[in-house]
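A short write-up of the structure that comes next.
The values are calculated or read from the model by the stated rules, or taken from the named source; none is laboratory data. The structure presented is a predicted model; accordingly, all values stated were derived computationally and were not measured. Here Cβ is always computed from backbone atoms with ideal geometry, including for glycine, and neighbour counts include all displayed protein chains.
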């Protein structure tokens, strides 16, 4: 079974630029999550989708971050404009049943200079 | 804020059994206890989950006392490849309908020494 795919794996941008990350969850998984993991800390949930609807985006900085999951499969997370403090690894995860059992992708390491 | 407390780091020699204890004093009746493992440059990986007593799988065992205010992840005979960060999590309902969040703390960094 293929795992969660993410691209790109690495991205370097200057502050105030925009960036987008892509995630393809495990086939059949209805729930998709985006996390932000700052160095030395645990992942922090940004947004949760159930199929193509948003379940929880309470921790998403909506003035600069946006996410969508068209057709309930792939998802993109966008940052516009980026700030220095957005430097982190952005992880995508998916789950099919138990919300506690999530499958994570390898993440995208973003560096904002 | 994470609902759990666990040691920041632990060291162990190869071949030893490692026990990582996590406290979750305010665990709710419906909450499960879940443990994840994260290697450098990888996403976290689900290890084990339990509600009470003992759960065992091919990777680890999870011990949960009757009051459920703590839990212990047991890794038998660790090897160098078990060096990773281990997260103890207790799920919580989020703000949206159907939302169930896993709040990660800083985890326990386990270093296995040859």
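For this structure, a couple of remarks:
- Residue in segment A:57-97 that is nearest to the chain's Cα centre (by Cα), counting only those that are exposed (fewer than 14 other Cβ atoms within 10 Å of the Cβ) and within 14 Å of chain B (Cβ to nearest Cβ): A:62
- Candidates A:24, A:51: the one that is touching a helix residue (DSSP H, G or I) at 6+ places or on another chain (Cβ under 7 Å) and more than 9 Å from chain B (Cβ to nearest Cβ) is A:51.
- Residue in segment B:95-107 that is buried (at least 18 other Cβ atoms within 10 Å of the Cβ) and either farther than 30 Å from residue A:49 by Cα or more than 9 Å from chain A (Cβ to nearest Cβ) (or both) present: no
- Qualifying residue in segment A:4-16 (condition: facing chain B (nearest Cβ under 9 Å), touching a residue at least 60 places away in the same chain (Cβ under 8 Å) and surrounded by 15 or more Cβ atoms within 10 Å (Cβ to Cβ)): yes
- Checking each residue in segment B:12-27 for being within 15 Å of residue B:107 (Cβ to Cβ) and surrounded by fewer than 18 Cβ atoms within 10 Å (Cβ to Cβ) picks out B:21, B:23.
- Condition met for residue A:58 (out of contact with any helix residue (DSSP H, G or I) (no Cβ under 6 Å at 6 or more places or on another chain) and without any contact (Cβ under 8 Å) to a residue 60 or more places away in the chain): yes
- Segments classed as strands (runs of 3 or more DSSP E), wholly inside segment B:1-111, with at least 1 members that are modelled with pLDDT of 95 or more, touching a strand residue (DSSP E or B) at 6+ places or on another chain (Cβ under 8 Å) and closer than 15 Å to residue A:102 by Cβ: B:33-38, B:45-50, B:84-90
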